[in-house]
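Encoded as structure tokens, the structure appears first; notes follow it.
Each value in this text was obtained by applying a stated rule to the coordinates, not by laboratory testing. Being a predicted model, the structure only gives us computed values, none of them experimental. All Cβ positions, even for glycine, are placed from backbone atoms using ideal geometry, and neighbour counts span all protein chains on display.
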Amino acid sequence: MVQDGLDSVQVAIDAGNQLVMTRTLLLAITAASLAFLAGEARAGDSACYDDWSVASEIVVRERLPAIGELQARGVAGGAIVRASLCRDGDRFLYKLIVKDRNGQLRRTEVEARAR
């Protein structure tokens, strides 16, 4: 009788261990998949950052010129109204909306790194 009770406890423990192992394996697979997808996104064709709390960190890390520097150098050909930082592989560019001297808005792209 006691042996039957111990066997039941052992079966329950084994089932619990198997459940924990299965969940751990699923978490590991999910984490590996997310890491792979994050790597793909970085190495992918392109991504644009409109959120400057994110883009400014990239500008600093990659030592790219700030939007104010582009404006001061007159690179955009007018007043920069809106800017997005875009990445295309290892290449960075600014996608800009610029107001020219005639007050017209136009879209332009500026290479972030001078080659």
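Annotation: for a label point projected 7 angstrom from Cα along Cα→Cβ of ARG113, residues of region 44-64 with backbone N closer than 19 Å are 44-49, 55-64.
Per-peptide packing, taken as the mean over residues of other Cβ atoms within 10 Å, places 61-74, 78-91 in the sequence 78-91, 61-74 from highest down. With each label modelled as a point 7 angstrom along the Cα→C-beta vector, the ARG91-ALA79 pair spans 3.1 nm.
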